[in-house]
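Everything below concerns the one structure shown next.
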Amino acid sequence: MNTTDIQVKNYNEASERDPRKSSYGFLEVNTSMGVYDQYYFLWFDTIESLLTFLKEDFPINIDEEYFEDYLEFLSKIIKSINSNGLTQENLDEFNTYNFPSSYIGWWGSFNGLIKGGNTNTTKLINTFLENQDVLTQEISEDNIQHFIEYLNELRDQ
């Protein structure tokens, strides 16, 4: 596990990447903020770099004494991801780990996200589309830059 300073640096870098170039990512939902959840989209060049992040940087709030248990738990999911990809089934299994103040609401490719993501991202996408005054339920090529800016605004709220 990286030190907290390195974890924060890696979080910031991952959240600032352009998902058109670093197209694998996940949505962290931070539930420790009280009434409102905070949303952080983090982006990576490869699935392998995403998995490395989950091993070394994601468990910011895990006590050192539980870190080995987390790695053992994660290794089983990584095996499944290596065989089956970033599936909803793997995500559901990952979220059975008792994280103190967050969970992963979605993971996959940016192209998958703009085509609908999952139930956790549908609300965010619909809110974006409503604010764009578009009649479609899809994010068009013309709106991708605006959508990326919207995702960044979620992080900064």
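The values are calculated or read from the model by the stated rules, or taken from the named source; none is laboratory data. It should be emphasised that the depicted structure is a prediction, and the values quoted were computed from it without experimental measurement. Virtual Cβ from ideal backbone geometry, glycine too; neighbours counted across all protein chains shown.
One residue is enough: does segment 16-31 have a residue meeting the conditions more than 21 Å from Thr121 (Cα to Cα) and more than 12 Å from the chain's Cα centre (by Cα)? Outline the logic, then answer.
First pass over segment 16-31, keeping only residues more than 21 Å from Thr121 (Cα to Cα): none.
Scanning segment 16-31, I find no residue that is more than 21 Å from Thr121 (Cα to Cα) and more than 12 Å from the chain's Cα centre (by Cα), so the answer is no.
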Open item on the list: For the list (1) assigned to a loop (DSSP other than H, G, I, E, B); (2) at pLDDT below 90, I need the number of the one condition that Tyr40 fails.
Closed with: (1)
Open item on the list: For Phe73, only one of the following conditions fails: (1) within 20 Å of Tyr97 (Cα to Cα); (2) modelled with pLDDT under 90. What is its number?
Closed with: (2)
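One line per residue, one yes/no per condition, for (1) surrounded by fewer than 17 Cβ atoms within 10 Å (Cβ to Cβ); (2) part of a helix (DSSP H, G or I); (3) out of contact with any Lys or Arg (no Cβ under 7 Å at 6 or more places or on another chain):
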site: Ser15; (1), (2), (3): no, yes, no
site: Asp18; (1), (2), (3): yes, no, yes
site: Phe26; (1), (2), (3): no, no, yes
site: Ser32; (1), (2), (3): yes, no, yes
site: Leu51; (1), (2), (3): no, yes, yes
site: Glu72; (1), (2), (3): yes, yes, yes
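Residues Ile139, Ile125, Ile81, Ile104: which one is within 23 Å of Thr31 (Cβ to Cβ), in contact with a helix residue (DSSP H, G or I) (Cβ under 7 Å, 6 or more places away or on another chain) and either in a helix (DSSP H, G or I) or of a type outside the set (Phe, Trp, Tyr) (or both)?
Values: Ile139 fails: within 23 Å of Thr31 (Cβ to Cβ); Ile125 fails: in contact with a helix residue (DSSP H, G or I) (Cβ under 7 Å, 6 or more places away or on another chain); Ile81 fails: within 23 Å of Thr31 (Cβ to Cβ).
Answer to the selection: Ile104.
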- [ ] Just need a number here: residues in segment 92-119 that are more than 11 Å from the chain's Cα centre (by Cα), within 19 Å of Ile47 (Cβ to Cβ) and among the polar types (S, T, N, Q).
- [x] 3
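With Phe73, Phe58 as the choices, which residue is of a type in the set (A, V, I, L, M, F, W, C) and more than 17 Å from Gly25 (Cβ to Cβ)?
Values: Phe58 fails: more than 17 Å from Gly25 (Cβ to Cβ).
Matching residue, one of Phe73, Phe58: Phe73.
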